[in-house]
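The values are calculated or read from the model by the stated rules, or taken from the named source; none is laboratory data. Just so it is clear, the model here is predicted, and its values are computed rather than measured. Quick reminder, even Gly has a Cβ in these numbers, built from the backbone with ideal geometry, and neighbours come from all protein chains shown.
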Amino acid sequence: MPPTPQTVVTGLGIVSSGGTGTDATWQSLLAGRPTARAMPLTAEQTPLPTCRVPDHDSARRVSGAWARRTDRYSQLAFTAADEALAAARLDPGCWEPTRVAVVMGTALAGVATLQSQITHQIRGRKVSPLTIPMFAPNMLPGQLALRLNATGPNLAVATACASGATAIGIAAQMIDAGTCDIALAGGSEAPIAPVVTAAFTRMNALAAPRADPGAASRPFDADRDGFVLGEGAAVLVLEHSVHAAARKATVLARLAGFGATADSHHITDPHPDGAGLSQAIAIALRQAGASPLDVDHVNAHATGTLKGDAIEAALLERLFGRHATVTAPKGTLGHTLGAAGAIEAALTVRAVAEQQVPPTANLDRPDFDLDFVTGTPRSQRIRLALTNSSGFGGQNTALAFTSS
């Protein structure tokens, strides 16, 4: 038998279209309030519904030099990390830096910076010497480590839309192995750029424009037709349980299981019977010493696409029937790609900590036979909760959180 996971969560930080801060995002979810708004990116593009962070003033929240020298996806992560550390009551000036890891996920990294600098080059202007440090995926954990005096393992994770969740799982493995005592783990994405929306539009992946943009993101709904692109970040403070106990930290949840698999089926489509995600869930539950009957709540990946939602829902029906409640935050927050798994992991921890499940926005006509939470929040006993993430390339990740 594998050793019992010893990683606990002691701090959360979220920046999303629901607001800057975990409380703001949580309240948006509890209200079932969609955040999508239509905004054109260029004069040539049709305005599309997108979910943007409404109140993140980088100049105010990030010091001048950092704001000038980093992409927005890094700046969102800085804010999330600051909140998570404050919530965990950790002072980077006082910790042992060699025992602190930073593991962050992203799908597209600084794509907006890359697009702007290519535009400069085409127009005959000089390209910024900071282009690569602002764009490269590994610069996010590197920048966080530099800001926070963390000299332990420093990793960037790129598993498409599962990146943030995978980063959390890898960080927990390092803590359980004794490689570090503390890890800042999560994901960040600021992908709302013309080239990204144009590419997803060509793939027929995005929700079509609607008279009411807020109604566009419809996870598991019979009227869904694609996902709504969003931006955001989440950082979790993970600690070894012994380390957390020694400093009398408040434990929000225990990360009891982590499973990661590949479909090996198609470059963009999920496996038709959800085989990879099913295996990831099985691994996470085995680590947690649990079975599907022990799962009280599932935070679903559910992006609002016809095929993806149907495959995930069929899998959840087979594994859990109506035994576990199901929610899908992307109805409110849109799809934040590499940040989605981290944001939803943080929200799952919040659900476990508060014993409450937020509703899925825009789920007016459920297309599947699951115990969806809709309309209003539901208070319930949550001993074990799962959060699922999948992505292009056949990536699958499942995280299991318990209340103790």
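Structure above, values below:
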read-out: Every residue from the stretch 249-271 that is within 17 Å of A171 (Cα to Cα) and free of Cβ contacts under 8 Å to residues at least 40 places away in the same chain; value: none
read-out: Any hit, the stretch 158-178, residues being buried (at least 19 other Cβ atoms within 10 Å of the Cβ), more than 30 Å from T98 (Cβ to Cβ) and in contact with a Gly (Cβ under 9 Å, 6 or more places away or on another chain); value: yes
read-out: Failed item, numbered, when E189 is tested on (1) charged (D, E, K, R); (2) within 24 Å of S16 (Cβ to Cβ); (3) in contact with a helix residue (DSSP H, G or I) (Cβ under 8 Å, 6 or more places away or on another chain); (4) at pLDDT below 95; value: (4)
read-out: Answer residue from the stretch 243-298, given it is charged (D, E, K, R) and touching a His at 6+ places or on another chain (Cβ under 9 Å) and is modelled with the highest pLDDT among those; value: D296
read-out: Filtered residues of the stretch 338-368 (kept if farther than 17 Å from L12 by Cα, at pLDDT 95 or above and among the acidic types (D, E)); value: D364
read-out: A84, sole failed condition from (1) at pLDDT below 95; (2) crowded, with 24+ Cβ neighbours inside 10 Å; (3) more than 28 Å from P129 (Cα to Cα); value: (1)
read-out: Whichever residue in the stretch 109-139 is in contact (Cβ under 8 Å) with a residue 40 or more places away in the chain and part of a helix (DSSP H, G or I) and, among such residues, is surrounded by the fewest Cβ atoms within 10 Å (Cβ to Cβ); value: Q115
read-out: Residue match in the stretch 273-285 (condition: surrounded by fewer than 24 Cβ atoms within 10 Å (Cβ to Cβ) and polar (S, T, N, Q)); value: yes
read-out: Positions within the stretch 320-337 being assigned to a helix (DSSP H, G or I) and either farther than 19 Å from D221 by Cβ or modelled with pLDDT under 95 (or both), in sequence order; value: F320, L337
read-out: The stretch 347-365 residues that are buried (at least 21 other Cβ atoms within 10 Å of the Cβ), paired with ones that are among the acidic types (D, E) (beta carbon under 8 Å, 6 or more apart); value: N362/D221; L363/D221
read-out: Selection count where residues are outside any helix (DSSP H, G or I) and either modelled with pLDDT under 75 or under 16 Å from T336 (Cβ atoms) (or both), scope the stretch 22-39; value: 4
read-out: Filter pass, E344 being in contact (Cβ under 8 Å) with a residue 40 or more places away in the chain, buried (at least 24 other Cβ atoms within 10 Å of the Cβ) and assigned to a helix (DSSP H, G or I); value: yes
read-out: Pair list, Cβ < 6 Å and 6+ apart or interchain, from the stretch 2-27 residues that are under 27 Å from G259 (Cβ atoms) to residues that are basic (K, R); value: V8/R254; W26/R350
read-out: Of the criteria (1) in contact (Cβ under 8 Å) with a residue 12 or more places away in the chain; (2) surrounded by fewer than 24 Cβ atoms within 10 Å (Cβ to Cβ), which one S291 fails; value: (1)
read-out: Top-ranked residue in the stretch 368-404 [being of a type in the set (F, W, Y) and in contact with a helix residue (DSSP H, G or I) (Cβ under 7 Å, 6 or more places away or on another chain); ranked as surrounded by the most Cβ atoms within 10 Å (Cβ to Cβ)]; value: F401
read-out: Among the residues listed as T197, T159, T151, T179, the single one being under 19 Å from A112 (Cα atoms) and either out of contact with any Cys (no Cβ under 9 Å at 6 or more places or on another chain) or charged (D, E, K, R) (or both); value: T197
read-out: Among residues of the stretch 368-404, those that are of a type in the set (S, T, Y) and in a strand (DSSP E or B), counted; value: 6
read-out: So I132, is it under 19 Å from Q75 (Cα atoms) and modelled with pLDDT under 95; value: yes
read-out: Enumeration of residues in the stretch 217-252 that are under 19 Å from the mean Cα position of the chain (by Cα) and either at positive phi or part of a loop (DSSP other than H, G, I, E, B) (or both); value: S217, R218, P219, F220, G226, V228, E231, G232, L252
read-out: Leading residue by the ranking (farthest from A216 (Cα to Cα)) among those in the stretch 3-21 that are in a strand (DSSP E or B) and hydroxyl-bearing (S, T, Y); value: T7
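Results for (1) over 23 Å from D309 (Cα atoms); (2) in contact with a His (Cβ under 7 Å, 6 or more places away or on another chain); (3) not in a helix (DSSP H, G or I), shown as yes or no for each residue.
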residue: T151; (1), (2), (3): yes, no, yes
residue: G169; (1), (2), (3): yes, no, no
residue: Q173; (1), (2), (3): yes, no, no
residue: G186; (1), (2), (3): yes, no, yes
residue: P191; (1), (2), (3): no, no, yes
residue: T197; (1), (2), (3): no, no, no
